[in-house]
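Novice: Would you mind keeping the following structure in view while I ask a few things?
The values are calculated or read from the model by the stated rules, or taken from the named source; none is laboratory data. Predicted, not measured: the structure shown is a model, and the values here were computed from it. Ideal geometry is used to build each Cβ from the backbone, glycine not excepted, and the neighbour counts take in all protein chains shown.
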Amino acid sequence: MTGTDPTPDTPTLFDRALLADPHAGYARLREACPVARTTTPDGAPVWVVTRYEDVRAALTDRRLSLNKQTSTSTGKHGASMPPSLDAHLLNMDPPDHTRLRRLVAPAFTARSVGRLRPAIQQRTDELLDRFQDGSADVMTALATPLALAVICDVLGIAEEDRRDFRTWTDTLRSPAADAAPTSRRALHDLHGFLVELIAGKRDHPGDDLLTQMITAREDGDQLSEPELVALSFLLLFAGYDNSANLVGNTVLALLTHHETLRSLRSGALGVGRVVDEVMRWNSPSMLASRRFAREDTHIGGVRITAGERIWMSLASANRDPQQFSNPDQFDVDRPEGGHLGFGHGIHYCLGSALARMETEIATEALVRRFPSLRLAHPEETFEWCDSFQNRGPLKLPVIW
Ligand code: HEM
């Protein structure tokens, strides 16, 4: 039966059981309730869309807005940021979004981010130099510090300021961050730091992407200081965990698919293909940002009322058997493309080229330097991020 309300035995998106194995739950939702009405943990009603065709169409549907002013739903709409930091791409619709995206996009082309390649390679090598004694946790020893270093490189943060930057971001990323006074202080300090950073770069331009965004001009238009601060926050929050988790998910996929790992090592398979299939099979970003219906509309034949909140499950769309044959199988040779791991349409991930490059460098270096690399506890099940949004192993212990 297909309906709009999950039946009692149909897991909602927010069952904790779904975190251990989200894909079995999504499969049931796609089948029984592809546009389901449910309630978020903070009590707000939300529609959850799980089929590929519906998710893809919804991502380009102009009747759905990212601007929370269009919302009638109660509850929180994500991390509680001060309004000034909310004014970023993922809260905007055209024409505001178009203007901002046009100004920042040149800094994130494959060519622009390619300039960071030598620095990322060097950071990776330095981190791997510390892999000693035959065992390590890939998340804490490689994926997380590399992702932070890359964001710092993007923003051109000096070496001596990186420790403070890390402390603030760690505080803000912790699950209890929303209410705690320490996180309010961290937010305040980070905000002040970014204002100073941007002012400093105006006076002394660097060779970083932030400087490129500060100096970007189009038709006499340029980014204002509040826009640059909000954007820097977005880069941090959109890029950091996702990038770390993509490295983790890629290494995990390789260490559990030995044939693929052998092909990669032998040079028969390019690492880009591996990363792309990981983005489909186990993408770090399980949900797109929430949308709100601007007007009464239909998704997958289900009526949505103006102002209601909608979440699209990218993870579910990427395992939809209507789009991908044997979707649960990790298969680098699959002919079908078109995964939605980086989104689709005008909000398509700005950092996708950067995230891919970083993951490719880290993965190749790791598997080449440690030819006998394997999981430390192959029989144990993994603990995953405690989040309905992010997907990545909390720890990834390996031995060699
Ligand atoms: C947007 C995923 C890395 C910056 C998005 C969206 C997804 C996504 C799914 C679209 C959201 C939506 O339509 O609601 C990912 C994943 C990453 C990653 C899985 C890593 C594996 C990065 C990095 C950066 C970044 C490294 C920058 C340093 C952005 C920005 C947007 C975005 C600025 C908003 C674009 C817009 O609204 O026009 N990302 N992202 N992302 N991402 Fe990423």
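Novice: State whether the residues of the stretch 107-120 include one that is assigned to a loop (DSSP other than H, G, I, E, B), charged (D, E, K, R) and surrounded by fewer than 16 Cβ atoms within 10 Å (Cβ to Cβ).
Specialist: yes
Novice: Let me ask you something else. Which pairs turn up if I take residues in the stretch 338-358 that are modelled with pLDDT under 95 and look for partners that are among the polar types (S, T, N, Q) and more than 6 Å from the ligand (Cβ to nearest atom) with beta carbon separation below 7 Å, at least 6 apart in sequence or on another chain?
Specialist: Sorted first by the residue in the stretch 338-358, then by its partner, the list stays empty.
Novice: I would also like to ask the following. Considering only residues that are at pLDDT below 95 and of a type in the set (Val, Ile, Thr), look in the stretch 22-47 and name the one that is farthest from Thr381 (Cα to Cα).
Specialist: Val46
Novice: Here is a further query. If I filter the stretch 137-147 for residues that are within 21 Å of Asp207 (Cα to Cα) and at pLDDT 95 or above, do I get at least one hit?
Specialist: Scanning the stretch 137-147, I find at least one residue that is within 21 Å of Asp207 (Cα to Cα) and at pLDDT 95 or above, so the answer is yes.
Novice: Right, next: Give me the pairs: first residue in the stretch 74-100 and more than 16 Å from Ser289 (Cα to Cα) and near the ligand (Cβ under 10 Å from one of its atoms), second residue of a type outside the set (Gly, Ala, Ser) and modelled with pLDDT of 80 or more, beta-carbon distance under 6 Å, and six or more apart or on different chains, which are they?
Specialist: Close Cβ pairs (under 6 Å, with a partner that is of a type outside the set (Gly, Ala, Ser) and modelled with pLDDT of 80 or more) amount to Leu100/Leu89.
Novice: Still on this structure: At pLDDT below 95 and part of a loop (DSSP other than H, G, I, E, B): is that true of Ala176 in this structure?
Specialist: yes
Novice: Could you tell me which of the residues Asp170, Asp203 is within 21 Å of Gly351 (Cβ to Cβ) and free of Cβ contacts under 8 Å to residues at least 12 places away in the same chain?
Specialist: Asp170
Novice: State yes or no: is Leu13 buried (at least 17 other Cβ atoms within 10 Å of the Cβ), within 14 Å of Ile310 (Cα to Cα), at pLDDT below 80 and not aromatic (Phe, Trp, Tyr)?
Specialist: yes
Novice: I'm trying to understand the selection: among the residues of the stretch 350-383, which are surrounded by fewer than 19 Cβ atoms within 10 Å (Cβ to Cβ), within 16 Å of the ligand (Cβ to nearest atom) and of a type outside the set (Gly, Ala, Ser)?
Specialist: Matches in the stretch 350-383: none.
Here's the yes/no breakdown for (1) part of a helix (DSSP H, G or I); (2) closer than 23 Å to Gly392 by Cα; (3) away from the ligand (no atom under 13 Å from the Cβ):
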site: Leu127; (1), (2), (3): yes, yes, yes
site: Phe131; (1), (2), (3): no, yes, yes
site: Leu142; (1), (2), (3): yes, yes, yes
site: Leu148; (1), (2), (3): yes, yes, no
site: Asp164; (1), (2), (3): yes, no, yes
site: Trp168; (1), (2), (3): yes, yes, yes
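Novice: Can you tell me how many residues in the stretch 284-315 are within 16 Å of the ligand (Cβ to nearest atom) and out of contact with any Lys or Arg (no Cβ under 7 Å at 6 or more places or on another chain)?
Specialist: Of the residues in the stretch 284-315, 9 are within 16 Å of the ligand (Cβ to nearest atom) and out of contact with any Lys or Arg (no Cβ under 7 Å at 6 or more places or on another chain).
Here is a yes/no grid of residues against (1) crowded, with 23+ Cβ neighbours inside 10 Å; (2) within 16 Å of the ligand (Cβ to nearest atom); (3) among the basic types (Lys, Arg); (4) under 24 Å from the mean Cα position of the chain (by Cα):
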| residue | (1), (2), (3), (4) |
| --- | --- |
| Ala216 | no, yes, no, no |
| Gln222 | no, no, no, no |
| Leu236 | no, yes, no, yes |
| Thr250 | yes, yes, no, yes |
| Ala253 | no, yes, no, yes |
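Novice: Taking the stretch 201-214, which residues are surrounded by 14 or more Cβ atoms within 10 Å (Cβ to Cβ) and more than 28 Å from the chain's Cα centre (by Cα)?
Specialist: Within the stretch 201-214, just Pro205 meets the criteria.
Novice: While we're here: Would you mention how many residues in the stretch 264-283 are crowded, with 18+ Cβ neighbours inside 10 Å and away from the ligand (no atom under 12 Å from the Cβ)?
Specialist: Final tally of qualifying residues: 5.
Novice: Quick check: anything in the stretch 327-336 within 16 Å of the ligand (Cβ to nearest atom), within 26 Å of Leu18 (Cα to Cα) and crowded, with 17+ Cβ neighbours inside 10 Å? Don't jump to the end; show me each part of the working.
Specialist: Of the stretch 327-336, the ones within 16 Å of the ligand (Cβ to nearest atom) are none.
Checking the stretch 327-336: not a single residue is within 16 Å of the ligand (Cβ to nearest atom), within 26 Å of Leu18 (Cα to Cα) and crowded, with 17+ Cβ neighbours inside 10 Å.
Novice: Which ones in the stretch 201-254 are in contact with a Lys or Arg (Cβ under 8 Å, 6 or more places away or on another chain), farther than 30 Å from Leu366 by Cα and assigned to a helix (DSSP H, G or I)?
Specialist: Thr211, Ile214
Novice: Among the residues of the stretch 232-259, which ones are at pLDDT 95 or above and hydrophobic (A, V, I, L, M, F, W, C)?
Specialist: Passing the criteria: Ala244, Leu246, Val247, Val251, Leu252, Ala253, Leu254, Leu255.
Novice: Taking the stretch 210-243 as the region of interest, how many residues are within 19 Å of Leu116 (Cα to Cα) and in contact with an Asp or Glu (Cβ under 8 Å, 6 or more places away or on another chain)?
Specialist: Count: 1.
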